[in-house]
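*Asks:* Just passing along the structure, written as structure tokens.
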Amino acid sequence: MIKIKTYKSDAFAAIHETAEGMFEAGVIDKQTMRSFDSSCLTAIHDFTGEEIRALREREDVSQSVFAHYMNVSKDYISKWERGEKKPAGPSLKLLSLVKRKGLESII
């Protein structure tokens with residue numbers, strides 16, 4: 001399984017990739033690498049149903065359209081907004097990106 005990393009910017013991507021190389025070579029330790037991870041990678045936030053609804057409404061899209069861009073079903077978006085289900089993994093990462101940069105960032 002390949003993990004896709006989402007960086008805050010291209011500059012952070014370059015810095016993080018350099019740090020990863022140094023970590024693999026044994027030049028920096030795990031604790032330092034974690035520091036680079038938190039500095040360079042997009043933070044993941046646990047979203048409540050209200051936050052997801054507010055985010056979707058801020059982007060001025062329907063549940064169906066939002067579901068399409070999030071690559072989940074409309075019913076799943078509805079369950080997230082009602083708090084019946086919680087987004088996880090890639091969905092949380094996408095929601096974090098939409099929160100920071102808008103829906104255009106994942107289109």
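The values are calculated or read from the model by the stated rules, or taken from the named source; none is laboratory data. These figures come from a predicted structure and were not determined experimentally. Neighbour counts run over all protein chains shown; Cβ positions are idealised from the backbone, glycine included.
*Asks:* Return the residues of the stretch 34-60 that are modelled with pLDDT of 90 or more and in contact with a His (Cβ under 9 Å, 6 or more places away or on another chain); say none if nothing qualifies. Spell out the reasoning first.
*Replies:* From the stretch 34-60, those modelled with pLDDT of 90 or more are 47-60; that's our starting set.
Listed by number, the list holds a single entry, Glu51.
*Asks:* Pull out all pairs, ordered by first then second residue, where Cβ-Cβ is under 6 Å, the residues are six or more apart or on different chains, the first lies in the stretch 77-98 and is outside any helix (DSSP H, G or I), and the second is not aliphatic (A, V, I, L, M).
*Replies:* So the pair list comes out as Gly83/Gly49; Lys85/Lys79; Pro87/Trp80.
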